[in-house]
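Structure first, commentary second.
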Amino acid sequence: MTDKTAIQRIKELDQERATLFEQAKDEALRKANQAVEDLNALGLNYRLVTGAAPPGSKSTDKKPQETGRAGTEKRAAPPTGLKDRSGNR
């Protein structure tokens, strides 16, 4: 029985890692596609894309969308006795 050299063992481990990585990627992609299908079944319009958005595309220029309903949030009144920026109370 011949002992494997360190280089041979590293090559085998690299191959095993690559195989495991591909399996994990395929599994994650299947789950992501299923999630998109579920969202679309609810009447939403989602799609899964790969890669970064091209420079100057709408998605990179937008601010993150806020959750909640506009105009329904109540803001707390400022503490009494404090001045606003104009110096008024």
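The values are calculated or read from the model by the stated rules, or taken from the named source; none is laboratory data. Everything numeric here is computed off the predicted structure, so don't read it as measured data. FYI the Cβ positions are ideal-geometry reconstructions off the backbone, even for glycines, and counts take in every protein chain you see.
The table below gives the values:
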read-out: Single residue of Ala76, Ala53, Ala28, Ala32 found to be surrounded by 10 or more Cβ atoms within 10 Å (Cβ to Cβ) and at pLDDT below 95; value: Ala53
read-out: Matching residues, the range 1-22, being among the polar types (S, T, N, Q) and surrounded by 10 or more Cβ atoms within 10 Å (Cβ to Cβ); value: Gln8, Gln15, Thr19
